[in-house]
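Quick notes on the structure that follows.
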Amino acid sequence: MDQWPILYNTLRRLTNANLKLSPLSKVSYQVRYEQDAFQGPSLSPSGYQVAGSYRLVLQVMQRNSADDFFREIDWKPLPETQLAFAEQVHHYKEDSFFNLDPSYVQFQEADGTPLHRCPVMTA
């Protein structure tokens, strides 16, 4: 069985802010903001055949975020009656991109001779 490197070095940030104004009066207002961000590098097997080989590892830089905006207005005309208008807006953004993992990229000549990496020259 082949061993595949799998790495998730990700960070998750959750933000939540909620404000309600005049909760005991006849008209009250509420606003809320929530953010969920997930980002960081990862390595995973591709599962796709490229150039006749399944042995590809993808290097992924993940950046996914979701923003939720919520607002509500409550009106209490009578003691046991409440009318409310609420609106929620959800925004999702995915900025992930994929590359072949450089340690798994192998180059060869047309006759099959493998190319070796050249050492970096320093001045």
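The values are calculated or read from the model by the stated rules, or taken from the named source; none is laboratory data. Bear in mind the structure is a predicted one, so any value in this text is a computation, not a measurement. As a convention, Cβ positions derive from the backbone with ideal geometry for all residues, glycine included, and neighbour counts pool all protein chains shown.
May I ask you to verify whether PRO41 is touching a Phe, Trp or Tyr at 6+ places or on another chain (Cβ under 6 Å) and at pLDDT below 90? First the steps, then the outcome.
Working: touching a Phe, Trp or Tyr at 6+ places or on another chain (Cβ under 6 Å): no; at pLDDT below 90: yes.
When the stated conditions are applied, PRO41 does not pass them.
Among the residues of the range 96-111, how many are assigned to a loop (DSSP other than H, G, I, E, B), within 21 Å of the chain's Cα centre (by Cα) and modelled with pLDDT under 80?
Within the range 96-111, the subset assigned to a loop (DSSP other than H, G, I, E, B) is 96, 101, 105-107, 109-111.
If we keep only those that are within 21 Å of the chain's Cα centre (by Cα) as well, we get 96, 101.
After this cut, where a residue has to be modelled with pLDDT under 80 as well, the list is 101.
Final tally of qualifying residues: 1.
Can you pull out the residues in the range 20-32 that are free of Cβ contacts under 8 Å to residues at least 24 places away in the same chain and either aromatic (Phe, Trp, Tyr) or surrounded by fewer than 10 Cβ atoms within 10 Å (Cβ to Cβ) (or both)?
Within the range 20-32, PRO23, LEU24 qualify.
Which of the residues spanning the range 52-95 are β-branched (Val, Ile, Thr) and at pLDDT below 95? Give the steps one after another, and end with the answer.
Of the range 52-95, the ones β-branched (Val, Ile, Thr) are 57, 60, 73, 81, 89.
If the condition is that a residue be β-branched (Val, Ile, Thr) and at pLDDT below 95, then VAL57, VAL60, THR81 are the ones that fit.
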